[in-house]
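Heads up: the structure comes next, in structure tokens.
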Amino acid sequence: METMPVLEQLTARCKQAVAGDRAREDISAVMNALFEDPATLAATIPRFRDDEVATSPRGFRLGGEHICYQSSDLTVMVLDTLPGVLQPPHDHNMVALIGVFEGCEEQRFWARAEGGITPAAGRMLEAGEVVVLGERAIHAISAPAHTPARAIHVYLGNIDGVDRSVFDPDTLEEHPMSSERYDGYCRPA
């Protein structure tokens, strides 16, 4: 996937915001304005081609992922989540802003508790909605049956350059994040 002009413009606005002292609030405002017309945004950002969506060693096709920009203080990516797979709980250890422009992303949340994590209230993030997750948030995403979710995820840091955790969905045991472990914890929806 190419980084389309709308994504270049979003990235430029996000880069300006992280140079200031209100990055979270400023990027949230930019994303809320961008996502006011999700249908136009969806028409502007092409879908991932089949050859851009890898099949994992366990046979899951999670969706497409395109990093538009990445630096020490910012990551901007387009993410398509295919239905049929429950992804495992994980953290980011940084603020994350997620906006859905097509379909719906199911957000499941957990809270840290003595000895591990416990489930918390979740929500469906519909096309046109933006959510801000704090640095300590633990969540998992999936797309409802038969409907892919297309979204832009903005992280206030280098998502690939920070120690993160992934949790066994059966035991909720915490482990260091790795793509192999993440894939191993995916389950059929």
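Readers should treat all values here as calculations from the given coordinates under stated rules, not as data from a laboratory. Please read all numbers here as calculations on a predicted model, not as lab measurements. As a convention, Cβ positions derive from the backbone with ideal geometry for all residues, glycine included, and neighbour counts pool all protein chains shown.
Filter the GluC sites (Glu not before Pro) in the stretch 34-132 to those in DSSP coil with at most 14 other Cβ atoms within 10 Å of their Cβ, and list the result. Working shown, then result.
Values: sites: Glu36, Glu52, Glu65, Glu102, Glu105, Glu106, Glu114, Glu126, Glu129; in loops: Glu36, Glu114, Glu129.
Here the sparse-neighbourhood loop sites are Glu36, Glu114.
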Tensor-based shape of the chain (alpha-carbon gyration tensor, a/c under 1.5 rounded, otherwise prolate or oblate): oblate
Efficiency of FRET from Cβ geometry, Asp170 and Arg24, R₀ 25 Å, rounded to 0.05: 0.15
Among Ala145, Pro46, Thr11 the positive-end extreme of the charge dipole of the chain (Cβ point charges): Ala145
³J(HN,Hα), Karplus 6.51/-1.76/1.60, whole Hz, each residue of the stretch 84-91, x for Gly, Pro: x, 9, 8, 7, x, x, 7, 10
